[in-house]
Structure formats: structure tokens, C-alpha cells
2 protein chains.
Amino acid sequence: MAPHPFDQLSFEETQRARDIILKLHPDTAIFFRYIFLEEAPKAEVKKYLEAEHAGKTPDPLNRRAMVMYDVIDSDKVPVYNESVVDVTSGKRLDHNVVGKEFHASLTVPEFRLLVQAVEKSEMFKKCLEEYHLPKGYELVVEPWPYGGLLPGEENRRYFQGLCFAQDTSSKNADSNFYSFPLPFIPVMDAATQEIVRVDRIATGGRGDPMEPESHPKNPVDHCTPSEYVPELLPNGPRKDLKPLDVVQPEGPSFKVTDDSLIEWQGWRFRVSFNPREGAVLHDLHFKGRSVMYRLSFSEMTVPYADARYPFARKQAFDFGDGGAGTCANNLSLGCDCLGVIKYFDSIVTDAEGKPEVAPNVVCLHEQDNGIAWKHTNWRTGRAVVARNRELVVQFIITLANYEYIFAYKLDTMGGINVETRATGIVSVVNIDAGKQSDYGNVVSEGALAQNHQHIFCIRMDPAVDGHNNTAVIEESHPVAMNEKTNPRGNYYEVIKTPVKNSRWLDADVASNRVVKITNPSKTNPISGRPVSYKFAPMTTQLLLADKNSVQAQRALFAQHHVWVTKHTDGELYAAGRYTLQSTREEGGLADMVERNDNTENEDIVVWATFGLTHNPRVEDWPVMPVEIHELKLRPADFWHENPGIDLPTNKNEASRLANGDSCCSTNGANGTNGHAPNFMG
Amino acid sequence: MAPHPFDQLSFEETQRARDIILKLHPDTAIFFRYIFLEEAPKAEVKKYLEAEHAGKTPDPLNRRAMVMYDVIDSDKVPVYNESVVDVTSGKRLDHNVVGKEFHASLTVPEFRLLVQAVEKSEMFKKCLEEYHLPKGYELVVEPWPYGGLLPGEENRRYFQGLCFAQDTSSKNADSNFYSFPLPFIPVMDAATQEIVRVDRIATGGRGDPMEPESHPKNPVDHCTPSEYVPELLPNGPRKDLKPLDVVQPEGPSFKVTDDSLIEWQGWRFRVSFNPREGAVLHDLHFKGRSVMYRLSFSEMTVPYADARYPFARKQAFDFGDGGAGTCANNLSLGCDCLGVIKYFDSIVTDAEGKPEVAPNVVCLHEQDNGIAWKHTNWRTGRAVVARNRELVVQFIITLANYEYIFAYKLDTMGGINVETRATGIVSVVNIDAGKQSDYGNVVSEGALAQNHQHIFCIRMDPAVDGHNNTAVIEESHPVAMNEKTNPRGNYYEVIKTPVKNSRWLDADVASNRVVKITNPSKTNPISGRPVSYKFAPMTTQLLLADKNSVQAQRALFAQHHVWVTKHTDGELYAAGRYTLQSTREEGGLADMVERNDNTENEDIVVWATFGLTHNPRVEDWPVMPVEIHELKLRPADFWHENPGIDLPTNKNEASRLANGDSCCSTNGANGTNGHAPNFMG
């Protein structure tokens, strides 16, 4: 069977894409970066999906691959190329030699080069000789993107390495070296693969100079271990937390066919995976009606607020700089999820463009999320209560010290929650013993966790009952008491404003601002209002950096909560296509909005920006408890009733009393549970 | 053993309290309303707790009861009395004949009187004769509090009944009558127990007059059934949702001793239950250190925004008007929770003051809430991941059509989530066929769900490492680029402002406003900062009614997000002690703050207001999907590391692959799960 247009490239298709490029660049050294599905133009896919949903066999679309690679020129200088090839026909459809002002996303092999360059650098060796690592401690170099170029810097491709000391006495390679931060950062020029500079970092506290001063020989002598692997914990793991198992004796309620097609409780969608965005949902339908063409995590940025050099550069774009998919964990059973789990694999490629299976990068499972709805008739004592089952599509990424858990959670009542969890190890720098800082919090002796923000952007390409939608801003406003419309002062007014042209808007608590993605051509037969899906813009702080700073200029997407744009093929990235070492957001949301496209009853895209200002607490150390955010999409006059009103309401027979008794005396069959009181509402 | 000062009154203590009152009012008709524990003065309890926590046997405190009752005078007019009696000594400690300007909270027997009054009312009969209920439909009268008196109304004690028609053809007493709202409301005078008025309700739509006009004989002929009990669903309950069981083979991890003392994963606290607030937590300690003296749901108000008469009165205070405890559901196994469940009973009293056990009004269970923390060392491929276990103390109340689920959720990392879920059946009024309204949404033919708000208030009486605490407002502010403190523009400033005197404050997204409840005398040894628990004021819309309206005047607490007051014994209620038919909030938060008490390093109380503006959607019908809100309290520099760092990180052996395979090939023991990628952060 021909692959579906949304299916990620197969092993064979990836190989074919590579071979096409090699043939197009004969007698040339090629450094492959990424090969993944280039989605077909929406106009073509729409026709395909129409046929598919009409129950016909659609004409298969030719398969396309995006191939990202460096051509190594005669001077051994890499030139970054992007080609779109038609894997079906073997033809190249598009070829772009990317200008030197832009940098390709990082790849794993490049990071290895940095570590090698540090090892052989005389300059770094000299720096190290100024210090004494404590006996039994070894240097660890943690590769990082260089960050946004500061004014005056030449736009070369750089890498930097954060340095730590690891206690080797335990002979445990997972001893937590982040507790021992070293105050210098080697910088590599990617073209020469040499360390060109070692930046020294100030280790002072409040009131101390911003520039590094003289330093002790042993900069980590005041640092203390803080372990997280169970065998290194001073008292081992706790033993009084008894097992809690999720058991699904009849198996899961979901069905996966065709590799990527998932069906569950009225939902029908496809999942794909690519190196930049990780897992993406496509063609979401609920109860046979279209909701969303494409749903993805588009970008995130993590700017740090330490005013000292070189931390103005410390700002990751974890999707654009390296790729969320590239950094995805290979999950395995029982650790990351409970219950019955289905995993999805993906394909990664090496520097030669050769494909390899990346196992278990996405997991799928069901979970219980408490009560879905309940009503008790106090007259009869009859209580009817349904549980809130969710279907979770999850992937987890590791970015050196930090982890993010991304999940799309669909529920039985038509709701979609898009969830982020931030965890992992907060980024720390060395601070002198006994000092405090305005730039962060001392979370372990000698380790300053710098204040920072995490700002995410979710991209929603809606198709609410069809592709032409209008975003409507709905606000609830007080109305001054007046004889005509509000004689007793209790009335408030609901004001609806359609978004007629591409624009941004911010969350507004005072007016309870909500965005409804409506289909103005389809009316709910009961309410007479246009069908819609709605969400509340998330009320989290936007980017704090000065508007004129590099941090702010390259993250314009992070400065407003919601953006509405008109769909354009390939426009997937909130901060633009090239974020690595960028100094300005190019082709990102601000540029898209600038077009001032008509967005009324059009094929629109809605973007939601949110995040957390993370001023660390000691409890975030050594591995931080998850910080959870959820964008909640809800049907609003989309369906003709609560879509979960027919959920099972019978008792769960597996539950037990704390004394071990099994399901206690019921006082009625089929969902009754005792009398309720006798009151008002 | 003597009861603990926080234990709710026992059956016998309740009886004794009743008998004391009867003896004090000989030869008098007494109508008992409520009898429950009057907590001992904090000064006494503090001494008791000091001894208890020092491992000594504290001197027992005398037990006190609050008894609320009407003395029926010679003219048969009830006079409302409140007495505090010492159950141990048999003495009355306090007696208050409450002024006629205040009304006692409603009781169940009073509601029965309303239904009886309607049945025998000639006035109501006449009204009903103007209408024809469809064949096979019967009248249902739903008792409601009268609401806030409108200007000019005499301050008598009133009841009102919302009227509906129930289809009896199914012979099912749980057929949903709310689909058939009738356009009139009988009003009873409590003193005479007679229907004194039948308010007619307008049924028009947008542009129609606000006053009721001529009406059709059969006002519900255009209404349609919308059932929620499984046996009445047209297609029955869905069959493709397979069971998901929570199984705890070794039993729960919590321990309940002494009836009310709960210990779990470092947490130690007591739970009590009373008619007004429902479940209350007392004396919360985490890992042997005090966090909170008392944690409770204090009040909520539900004002409706329909500008027509009589809906300016439609505003419930569900804690003050009737009592959350009074309305609590008797829970039973497997419907409301999964896993291993422990129930707590309470005591209710009847009009004669006789106690009766109210079984299962509170439930206690553990639940899994996804990943607690994770880190993968990309060098070694070692992933360590812990699950987020929570302990839930839950109660559920039914207020005629509406349900609320209240939960205190403690986690293993020192966090406390205080959760509300709104569900049940939205309040509807009759609307003519085919019309739409500015006052709400038509959710079922002929049924207009009016726009309204739910505004909750949580009361926190903190004791962070001791009783004297300071609330500190912490904000993150941008700083303009400047040579001296912010040369590259990436710095932001964290500004801390202690709350020196009682005041209110609002949420502020722009500054990421956070409230830290600190103990200024205790310093975290690592960060050097005061130990604290923090929360972000919830960014939800405040009360919308005009400030001069009765709705607003009686709900001042609902007009700011956070209130900081100095502790005063008995000051538990955000909207004041007497809310029923109130026209102004008396003794509530605004009055408390007015005292301008010193609140720095004092015994403070912190109140959090939040809620939802509920402009109903069709999907909220017939029973609405839960709307969830969570106040998140987190330790901030309270502990010396992540308190959950020693959580078990081993695989869950009960999880399965979707194909039925058991725990798949592991690639490492003890919490490792595969390699992770190689990247930055």
C-alpha cells in the first residue's frame, strides 16, 4: 500500500533521498545533516483527504524529502544546502544554497567535534593549568549552542562547551557533575575546528564586579555532591511508597492501523515525527468531523537573565537550534508511562545520510484523569458519575542538562490538552562560597542556578468543520448599571471580535479573553451560533529581555501570547527557519503577521505562546520537579451535547477499601452511589 | 483516649451539646439547625500542638460545640440563636441572639417546607392553571435560596422554587426535568410558610422586552428531552471504552490513625469535616516541619448575569447560604475514585438536634499524576525517572442542579494542589423557540443557560516553620538596557515586597507576580533566603457585576485575587458569617483588611480568590464536563533539595505493550531506559 501523505519517510525512502542527493553532487564531499518528510502542498493533501474521508481510494501523492546537508568546497569550507527531492520520481524539486548569514541546525556529530577540539587545544590546556581540580575529579565538557551573536561579533559558526568536574571516586559514570561547575567556557570555530577562545566567567555575588577577577586554584572546593541516581543517594531510595499499577485487562481502547492512523473514542488522527518538531498530529477528526489539519510544538526559547558576559548569549532555541525530534529520548516501558503502551519509532540519519531506526521515540497510552462529570439527583439519591479518560501522545527530549516532556492529550468529551512539563537539571554556574546573587539562586553550595525563562509556542492549523475558519476574540466585560440594559447591575456583556487580518493579541485576565476558532459557515443547530473550538490564551509572562536586546530581537514570537496568520505551505516555525546564532527573528511570526493577510473565513493558523519565568528554588535541585503547562482546547457549540454523556458510569470493580475489602455493598445498580443532600444550586 | 482538638464532634458529643441547649431553654420550642465543633482558641491549640510534636502527652482541651438553632417565640416567630457550649464541662461559653438583619444558613427541613407550601398554595395553583403541562409531564419544584435582597425589599426570610416539568412516561424518576424549564418562580415567606408571590419570567430573546409578556399555554412544547442516566440514553452507554483499573497490590502508602491523623510520604496532618466548609486540613507538617495550621475552602459565590427580573437576585453563596458540608455527597467505592480508598464519615443533625452518621462524606486515595522528574545522561544513556504520586482528600457537593468536586492534593515533593472541579447541570430558564439571547446560550431547545461566574475563595492559615510568617510579593520586572546593570539587555530584576499590613492584591501576568509565605526568622542554609511556601495568584477574572450592585456589594471577597489578614479566632469566612439574603458583605475580607493590622512576622492568614466566567457552550449540556482550577502551593527554599529525589525510579512491572507483551526487554537495570540524544540545553 502507498504511504499516506503524512507518514514519515520510511527507511527505504530515506535511503533513496540520500542517493538522489549523492547523484546530484558527484565527486563532492557531502556532510549530511537531516533527511525527513517534506509535507506535500496543502492543496494536494486536501484533495487526497477529501477522497479518503469520502471512503474512496485516493490517488497516492508523490513522496517528498527535505535533505539538509553541507557541500564541502575545494577550500574544505562547508556550504549549507537544502534540497527537496521527489522520492517517487527521483527528481529534485527545489534546491537552496543557504546564505552564510544563516546557520544550519546542529547535529550530533558536530558536538563530538567540539569535545575533540577541547581535548587537543593548547589554549584550553593552559587555562586548565591555572586551576586545580580536586583529586579524583575529571573534566566534563558539555556542548552548547553558542547562542545569539552579540553586537560586533563576526557571524562565524561557533560552539561552546560548559565545563564541570566529575567525581570519579564512586566509579559511577552517572555521578552528578553539574554540582561542580567550572568558571570557563571554551569556544570552537566550526570551520577550523579549533578552540579560538576560552571565556572566563565571574564567580562573584551581589555587589561584586561583573568581570571575572582573580580566582582560587580550586574553584569547586566549596561545592558539594548532589546525586540523583538511586545507588548514589546517601540513604538510597525510599521504601514506603507502595506500587500503584494501571491495569487494562481487556487491553487498550485505541486502535493503531496503517502505522500512523490512531482511532480512539471518536478521535481519528495520524501521528508523524520529524527531527525539528518531534511528534506532530495530522488531520484530527472528532466523531467524523474535522477539527485540525495539523497540531505541533513549533518552537521554544530559553533566555538567561545573568547580566554578566557571556550570558547574554545564553539562550537556546531548542527546536530551531538542534531539533526536538533529534533530542528525543528512546522511551521504554513502565518508566515513562503506566498501563498499556504503544511505541512509535522514527528514522535518524548519520553524517553520511545513512538511515537508522530510532526506537520508541513516541509513546501512546490511555490514562485516567479523575471525574469527567457527575450529577446526583437529591430527590432519588441517584448519582451518575463518569471518569475522564485521556489518550496521550507523548515524547520527551533531553537537552544536555534539561528535559522537556511534550504531550498531546485528547479526552472523551472533545477536548484537547497540549501539555509541556519542564524537568531535568537546572543550568548552574560557579559562585564563590557564601555569596548570594541577583542573577539567580544558590541551589547547591558553589552552584548558582541563573534566573531564566522558558517560552514555548504551539502551532495550531485548524480545520473546524472545514479549512476556512475565523478566529474570534470573545471577552466578557462589565456594564455600568443603567436603566435600559442593566437596571440592577448584574449584567455583563460578551463581546465578540473577529480577527479580520493577521495580527497578534495578548492574554487578558480582566476581560476573560478567549479565542474561538469558528467556522462561520457552519451553525450549531441548537444554539444558532457558529461551530468552534476555543482556548484561553495562557496567562504567563512574556519575554522579559529589553526589546532592543539580541535576546528579544531573535525571539519576537515570545513577546505576544497569540498570533493569527494565514496558512502558507512550509511556514511552520514561530522563530523562523534559522535560529542558530540568529540576531533577529527572520521569517517568524512577526514577519508573517506583517503581511496583513485576510484571515476572515480563510485557511488560518493560530499560534499560542506561553511559558514560565523560572527563578529557581533550592527544591529544583538536583533534578527539578515538573513544571506543568497546559493549553486547553475545547469544543464550543461544535457538538449538540456533552460528547461524553454516553461514557460508562458503572462502578469500577477493581477498586478496594483501605482495609482490603473488595467493592463494598452497593446501594443500587448501575452507577448509583448513595443519597445526596437536598439543596440548592 | 481524649479526642484531638481538631477532631470533629463525635456522636455522643453532639448529643451532649444538644442536651445542654435544651436544658438552657426549658419549656421552649427549639428548631435545631447545626451542631459542630467550635475549634478551641489558637493560643490554646498551639500549646497543645507543641506538646504533641515534642512527643509529650498534651493536656486535653475542653471540647466546644457551636450550636445553631431557632427559638420559637410565643408568636411562633423563630429567633435565631448561636451558642458555644463546653461539652466537657457542660457550660455555655457564649450566647448570641442574632439580629433580624442576618439570616441563619438554610437547612434541609426548610426546603421541604417550601415544596409543601407550593403544593397547598392557591396562588400557585392559579398560576399553574394559566399553563398546560404536556400530557404525562409533572411539576418539579427545586428549592433555591432567595438570593441577595434587591433595593426596597423588606428583609424577611424567603425561599424560592425554580419550576420544571418532568416526563413521567419513562417511569424513571431520574428523567432529566431540567430540559423543561417553566417560566414562573413561587416565593415563600418563611415566617408564615405561605407562598406570597409567584414571579413570572420573561421568555424572550435578544431585542425582546425584559418584562414577561403573554405566553403560550404550553411553555415547554418546543423543549426536547436530554437524558444522562444510562438507561435513558437513546443508544445506551458506549461499549468501546475498555476498563482501566488502578491496582495497589500491597495496599495504600498512607496510614490513618486516631480517626483523623493521616501520614503519607513525609506528610502528617489531620482532617475534619463541618457543615459549612466540608473537609478541612489541620496542622500540616512536611518531613517533620510545620507548613500550615489550617487549610480550607472558605466560600464561593455564583452570580448570574441575566439582566431581567428576578435574576439580579440569582446568586448563591454555596458555603454561607447552605453549607458545603451539608450538601456533601455520600461517596462510594469505584465511582468517584479509583484504587484503594479510605472513607471518612461525619455527623449531621436533624431539626430536633439529633445526630446521625453521614457516611463516606470524604474520601482519601492515592493517584498517579505522570512524571515527577526525569533526567537522562546522554553520555551514558542512563535515564532516571520518577512518577508523581499524589494523596487526594476529596469531597463532592450537590447544590440542586450543580456539582462541585473539592480536593486537597499533596505530592511527594512538598507540593499542595488545592483543586476545584465544577460539573453538574447548568442552570437554565425557558426561552421561546428559535430565539437567541445576550444573557446566555441556548443549550437545548427552549433552555437558555444563563451566563454566570463561579468565584471561589481558599483560606490558608500558614505556619511555615512556625506561626509567625510574612507574605512577600515577588515580581520579575524588565530592566532597560543600561551600561551599569544591564549592558546587553538580558537581565531582569526580581523585586520582593513584604506585605506589612493587611491588604488585598491582584494577580499580575506582566510581572509574574508570586506570593511567598515566608518565615523571616528561618533561613535556608543553602540559598541563604528565608524558608517559604509560594503560590501564583490565579489569573482568572474577578467579579463582573457593577460595583454598586447588590451582587457586588455582598461579594467583596470576589473582587481581588489575594487577601492577607492577621489571624483572629473564628474568622473563617471570606464573605462574612451571614451570607443568606445579604445585601453587603459584613465581617468578610474587606472588613478584615480594613483593620490595617500589622502582618509582618505575624500570625497571618492568606486568602486566594479565583474562579471561572462561565458563558455556557452546548457541550455543557446535559451534564457539564468538569472545569478544573488548581491553586498550586510549592515549597520555595523550604527544603535543602528536591524532596522527591529519593522516589523509587524502578520500572513498573505491571505495564504492558499494546500487543499484550509483558514488560519488554530492558536495556539496563534499575531505572535506565535506553539512550538519549546528545544535545544542549
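Computed values, structure above
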{"read-out": "Count - residues of the stretch A:506-544 that are hydroxyl-bearing (S, T, Y), more than 13 Å from A:K496 (Cβ to Cβ) and at the interface with another protein chain (Cβ under 8 Å from one of its Cβ atoms)", "value": "3"}
{"read-out": "Filter result (within 14 Å of another protein chain (Cβ to nearest Cβ), touching a residue at least 40 places away in the same chain (Cβ under 8 Å) and either more than 29 Å from the chain's Cα centre (by Cα) or surrounded by fewer than 21 Cβ atoms within 10 Å (Cβ to Cβ) (or both)) within the stretch A:82-115", "value": "A:V108, A:P109, A:L113, A:V115"}
{"read-out": "Given (1) surrounded by fewer than 23 Cβ atoms within 10 Å (Cβ to Cβ); (2) farther than 30 Å from B:G588 by Cβ; (3) modelled with pLDDT of 95 or more, index of the condition B:H365 fails", "value": "(1)"}
{"read-out": "Residue within the stretch B:320-330 that is crowded, with 24+ Cβ neighbours inside 10 Å, at the interface with chain A (Cβ under 7 Å from one of its Cβ atoms), modelled with pLDDT under 95 and closer than 30 Å to B:R200 by Cα present", "value": "yes"}
{"read-out": "Any hit, the stretch A:209-222, residues being of a type in the set (S, T, N, Q) and touching an Asp or Glu at 6+ places or on another chain (Cβ under 8 Å)", "value": "no"}
{"read-out": "Residues that are hydroxyl-bearing (S, T, Y) and surrounded by 24 or more Cβ atoms within 10 Å (Cβ to Cβ), drawn from the stretch B:593-623", "value": "B:T599, B:T609"}
{"read-out": "Complete set of residues in the stretch B:624-633 that are more than 17 Å from A:Y533 (Cα to Cα) and surrounded by 23 or more Cβ atoms within 10 Å (Cβ to Cβ)", "value": "B:L633"}
{"read-out": "Wholly within the stretch B:338-440, strands (runs of 3 or more DSSP E) carrying at least 3 residues that are at the interface with chain A (Cβ under 8 Å from one of its Cβ atoms)", "value": "B:340-349, B:355-377, B:382-399, B:402-411, B:416-424"}
{"read-out": "Residue match in the stretch B:206-223 (condition: closer than 22 Å to B:L399 by Cα, more than 8 Å from chain A (Cβ to nearest Cβ) and surrounded by 18 or more Cβ atoms within 10 Å (Cβ to Cβ))", "value": "no"}
{"read-out": "Hits in the stretch A:193-233 (condition: of a type in the set (G, A, S), out of contact with any helix residue (DSSP H, G or I) (no Cβ under 8 Å at 6 or more places or on another chain) and touching a residue at least 40 places away in the same chain (Cβ under 8 Å))", "value": "A:A202, A:G204, A:G205"}
{"read-out": "Residue satisfying all of: in the stretch A:341-393; in contact with a strand residue (DSSP E or B) (Cβ under 9 Å, 6 or more places away or on another chain) and small (G, A, S); farthest from A:A29 (Cα to Cα) among these", "value": "A:A383"}
{"read-out": "Some residue of the stretch A:475-488 being in contact with a Phe, Trp or Tyr (Cβ under 8 Å, 6 or more places away or on another chain) and more than 9 Å from every other protein chain (Cβ to nearest Cβ)", "value": "no"}
{"read-out": "Lone qualifier among B:E641, B:E594, B:E627 - being facing another protein chain (nearest Cβ under 10 Å) and out of contact with any helix residue (DSSP H, G or I) (no Cβ under 8 Å at 6 or more places or on another chain)", "value": "B:E627"}
{"read-out": "Number of the exception - B:D199 against (1) within 13 Å of chain A (Cβ to nearest Cβ); (2) surrounded by fewer than 20 Cβ atoms within 10 Å (Cβ to Cβ)", "value": "(1)"}
{"read-out": "Single match in B:V141, B:V118 (criterion: in contact with a Gly (Cβ under 7 Å, 6 or more places away or on another chain) and within 14 Å of chain A (Cβ to nearest Cβ))", "value": "B:V141"}
{"read-out": "Residue check for A:E130: assigned by TED's automatic domain parsing to the domain that holds A:G322, more than 25 Å from the chain's Cα centre (by Cα) and modelled with pLDDT of 95 or more", "value": "no"}
{"read-out": "Checking B:S582 against (1) away from chain A (no Cβ under 14 Å); (2) polar (S, T, N, Q); (3) surrounded by fewer than 24 Cβ atoms within 10 Å (Cβ to Cβ), the condition it does not meet", "value": "(3)"}
{"read-out": "Every residue from the stretch A:130-146 that is under 23 Å from A:S179 (Cβ atoms) and outside any strand (DSSP E or B)", "value": "A:E130, A:Y131, A:H132, A:L133, A:P134, A:K135, A:G136"}
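The values are calculated or read from the model by the stated rules, or taken from the named source; none is laboratory data. If you're wondering where the values come from, they're calculated on a predicted model, not measured in any experiment. Here Cβ is always computed from backbone atoms with ideal geometry, including for glycine, and neighbour counts include all displayed protein chains.
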